[in-house]
Amino acid sequence: MGLEGRMVLYRGALKSCNYRCGYCPFSKHPQSERELLKDKEQWIRFCKSLGDRGKRLGIGAVMVVPYGEALIHPWYWEGLGRLARHEFMDAVGAQTNLSFEAKESLALYEGVGGRRQKLRLWATFHPQMTTAEEFAEKCTKLWEAGVHISVGTVGAAENRQAIKELRERLPEQIYLWINKMDGMGRQYTKEEIEEFERVDPYFRRELGRVPASCGACRDRLFVEGDGTLRRCNISRPLPGNWYGPWEHVFGRDHREDAAKDGCGRKVCTCYLAYGGREDVMNRILFGNYPLFRIPRRPKAAFLDIDGLLVPEGETGVPERLAADIRRLAADGCKMFFATSLPYREASKKCRHLWGLFWGGVFAGGAHILLKSDKEEREQFFFLKERVVWELKQRQREGHFRFLVYRDEHGGKIYKITLIRSKHQGWKEREGNKDGIRYFTEGNCLQIVDERACKAEGVKVICRWLGIAPAEAVAAGDSREDEGMMELCR
């Protein structure tokens, strides 16, 4: 995916809650002072260790996902505050029922140096324990105080009215998302799905089957109070311990090592499992740390085609991904392609979604297009004709054939592709020489003007739109995409 953000989830010894929901075992277990002291000591130890080595490991976020309610205990606020002091930490937060006293809790957090802009709360609505009016008021006060917050609730059919009321009372900027209810004993009806979708436009993402994939979970960890490591809350333990040797697990290519560190699951059945995967739409919709479920709301999106919109082995955009793109476009995000493919080839691969896109960065940045009902703007970076002549002289000895792409209006060359047989290929290379830039893609060597790249194309389109690149998002899966993704962070 390429959008970076290593995240750690933490769950300590806490197994108690101040709510009394009938279905929840933690409401029935009042913890002793000794048990609470153990939880406090575990949390303090974890925070210190994360503070000591988090920067070196590239960890940017931590979220507490307790069995029960953690934020009624002051040590959690103090620990989150101390972690938020570190420059390398982008976000700290917790899943919570919001039963804490906000003013006192924020004072604890900021009293140890916590920065409010880094705080993230995943607030869970329990209709059995609070009203929509009361809960919305708490959420609104936190949001007005500068706290980033999202609201989640279980999609129980009998709670539809309360959930609808909550959506009506919440500020528009606070996202209310609905988690699929397990154990319902039946499928949702068409009417229920449509009703929940009117509250949460991404509710259908909850209904699909998500096959487990170790390769999608390389940059996250789930840490238990005793240091046990997992990829997520439902996976099998990983080798090592947080307080011992374990650092090899970050960055390992689990696509090749799945047999050794496989999660042991066939399907990601829990939001904490599938919500944190390196999934293109997870990061585009919800930022570098999607488990907080706080929408990014970009003004524009730049998406690579091969390997991203059209995964390897597919002939088109998968429907689950296409549905997310339609929803994102409907929410006002201007969609653009960012691909090494020329315009016509790109249109063939994405023909079913073509009408949603406003143009893009084509041919590795050599062709830039903005197209709307009101205007059309276009820019090329052209190559000199002598480049073709030079290639023809070397064609036989170089064992390649080549394609030349020309501007349809003026006939000028903007891209050349040299093709070799797959068994011969090209050595991995990328660089500039004599006014041209060349880069490899499989058995193709692409040649464009030295000024042409995806990052430059994104800059041009953002300038035409009158937005900053930071207000856009970019995603891809190759070295060619790194520049534009860094630009849009």
(request) Subtracting the Cα-Cα distance from 0.36 nm times the residue separation, let me have the gained length for Asp373 to Thr315 in nm, one decimal. (result) 17.9 nm
(message) Using the crude model of +1 on Lys and Arg Cβ and -1 on Asp and Glu Cβ, and no other charge, please compute the dipole size for the range 65-158 relative to its Cα centre, in debye to 20.
(response) 380 debye
(request) Pick out, in residue order, every one of the trypsin sites (Lys or Arg not before Pro) in the range 198-246 that is DSSP loop and has at most 15 other C-beta atoms within 10 Å; say none if there are none. (result) Arg209
(request) Send over a whole-number figure in Å² for the accessible area per residue of the range 157-234, probe 1.4 Å. (result) 48 Å²
(request) Provide the net charge surrounding Arg327, with neighbours chosen by a C-beta distance below 12 Å and charges set as Lys +1, Arg +1, Asp -1, Glu -1. (result) 0
(message) Using +1 at the C-beta of Lys and Arg and -1 at the C-beta of Asp and Glu, which of Met181, Gly276, Leu80 has the Cα lying farthest in the positive direction of the dipole of the chain?
(response) Gly276
(message) How large a share of the accessible area of the chain, in percent, is made up of carbon and sulfur atoms when the probe is 1.4 Å and the other protein chains stay in place?
(response) 48 percent
(message) Report the number of Lys pairs in the range 259-372 whose alpha-carbons are under 30 Å apart, with separation of 8 or more residues or on distinct chains.
(response) 9
(request) May I ask for the angle, rounded to the nearest 10°, between helix 102-111 and the longest principal axis of the chain, with both axes built from Cα atoms and the value confined to 0 to 90°? (result) 70 degrees
(request) Provide the net charge surrounding Glu378, with neighbours chosen by a C-beta distance below 10 Å and charges set as Lys +1, Arg +1, Asp -1, Glu -1. (result) 0
(request) Enumerate the lysines that Lys180 could reach by cross-link, defined here as Cα to Cα under 18 Å, with residues fewer than 8 away along the same chain left out. (result) Lys164, Lys190
(request) Once you have the Cα-Cα distance between Arg198 and Glu408, take 0.36 nm times their residue separation minus that, and quote the gain in nm to one decimal. (result) 71.2 nm
(message) As a test of the formula, what do you get for the chain when each DSSP H run with n ≥ 4 contributes -39,500 (n - 2.57) and the sum is divided by the residue count, at 222 nm and rounded to the nearest 500 deg cm²/dmol?
(response) -8500 deg cm²/dmol
(request) Report the local net charge at Lys141: Lys and Arg +1, Asp and Glu -1, summed over other residues whose C-beta lies under 15 Å from its C-beta. (result) -2
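The values are calculated or read from the model by the stated rules, or taken from the named source; none is laboratory data. Everything numeric in this text was worked out from a predicted model, so none of it was measured. In this analysis, Cβ positions are derived from the backbone assuming ideal geometry, glycine residues included, and neighbour counts consider all displayed protein chains. These area figures cover heavy atoms from the full protein model, side chains too; ligands, DNA and RNA do not enter into them. Shrake-Rupley method; radii C 1.70, N 1.55, O 1.52, S 1.80 Å.
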